[in-house]
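The values are calculated or read from the model by the stated rules, or taken from the named source; none is laboratory data. Since the model is a prediction, treat every value here as computed from it, not as a measurement. All Cβ positions, glycine included, derive from the backbone under ideal geometry; neighbour counts span all protein chains shown.
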Amino acid sequence: MRIIVLCLAVLLHSPMVLAAEGVHLGVDLGMLKPHDDLVTETFAEDFFIDGFLGYESAMGLEIRLGLGHYSEHSHHPADEGFDTKISITPLHMDLFYNFFPRSKIRPFLGGGLGAYFYAFSDNVAGTIEDETVFAPSLTAGVKFEVNERLVITAKYARHFIPAIPEIMFSDPNDFESSVFTIGVAFNLTPGPEKRSSDDSDYFYSRHRHYYPPHYEPLHHPRSRQRGHTEKRKEHVRRYENREPIAQGNSRARQARREETRKEKSQRAETDQDEKQKHIDRYRNRN
């Protein structure tokens, strides 16, 4: 019993060592597959990319801010020749829990909430629909730690995107989708226990009162301050005795802008009826 208590005390007072702990910058690459049959018939699964910046703690909790993108052209026979295209760009915040945080192989589970920027367009009418919807997501995967700087990730995510678009598909079709990705993440701030003990600059930055006489490491605050002062002086000299820029004829510029605006307005009125007829082809497709 005493041995068990002693072991627990050592574990509680010992520092948690985790090579992946810190700020992570990475990217996930894979495929997005819509679940709805009507969506799948028109827009099949296609390439999905997701970049992220996150922080993983020593306890296994991880928070991420990510930005993804998916786009695909229509395969429907009625859209042939019109370059009909849909794109979805999710900006999402996720919270994960990494199981076995001290292990090189760490399964994780989590979820989040995202803003999904949606656009639907073709080469005749231009952008037909453009809106933003909010939706949750669930994620599961596993991490493989290569070293203190590099982590490989295999991940599955389920995005519960609500009923979009309104024109292309009739209610209640949803764009709920599955995303399968393989990713890589770089640890930008590995723990100090992983750094070389003979790195003099790092040692003296941690123990500034132990500086030897006349020693100034490269990243010492005095060295940085001296460099910033010289840059400021050089920047100020660029503005000394600067000649004023000659002013152009503002009335001529205003007249040109007004003429261009009138031409655009006339073209827009001419094409409006033709575009509306074209958009009616998509409305509530069954």
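Given the criterion hydrophobic (A, V, I, L, M, F, W, C), assigned to a strand (DSSP E or B) and more than 26 Å from GLU176 (Cβ to Cβ), identify the matching residue among LEU53, LEU65.
Values: LEU65 fails: more than 26 Å from GLU176 (Cβ to Cβ).
LEU53 is the lone residue from the list that is hydrophobic (A, V, I, L, M, F, W, C), assigned to a strand (DSSP E or B) and more than 26 Å from GLU176 (Cβ to Cβ).
Could you identify the single residue in VAL133, VAL27, VAL124 that is over 23 Å from ALA154 (Cα atoms) and assigned to a strand (DSSP E or B)? Going through VAL133, VAL27, VAL124 in turn, just one is over 23 Å from ALA154 (Cα atoms) and assigned to a strand (DSSP E or B): VAL133.
This table checks each residue for (1) closer than 30 Å to VAL23 by Cβ; (2) among the aliphatic types (A, V, I, L, M); (3) outside the structural domain of LEU38 (by TED's automatic domain parsing); (4) free of Cβ contacts under 8 Å to residues at least 60 places away in the same chain.
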| site | (1), (2), (3), (4) |
| --- | --- |
| GLU56 | yes, no, no, yes |
| SER87 | yes, no, no, yes |
| LEU138 | yes, yes, no, yes |
| ILE161 | yes, yes, no, no |
| ILE167 | no, yes, no, no |
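The sole residue among THR84, THR89 that is closer than 15 Å to GLU176 by Cα and among the polar types (S, T, N, Q) is THR89. Listed by first and then second residue, the pairs with beta-carbon distance under 6 Å, at least 6 apart or on different chains, first residue in segment 266-284 and within 30 Å of ASP174 (Cβ to Cβ), second in a loop (DSSP other than H, G, I, E, B) and among the polar types (S, T, N, Q), are ASN284/SER170.
Of all residues in segment 48-94 being acidic (Asp, Glu) and surrounded by fewer than 16 Cβ atoms within 10 Å (Cβ to Cβ), which is nearest to LYS104 (Cα to Cα)? Per the criteria, the residue is ASP83. If you go through segment 84-121 and keep only what is farther than 26 Å from ALA163 by Cα and in a loop (DSSP other than H, G, I, E, B), you end up with PHE99, PHE100, PRO101, ARG102, SER103, LYS104.
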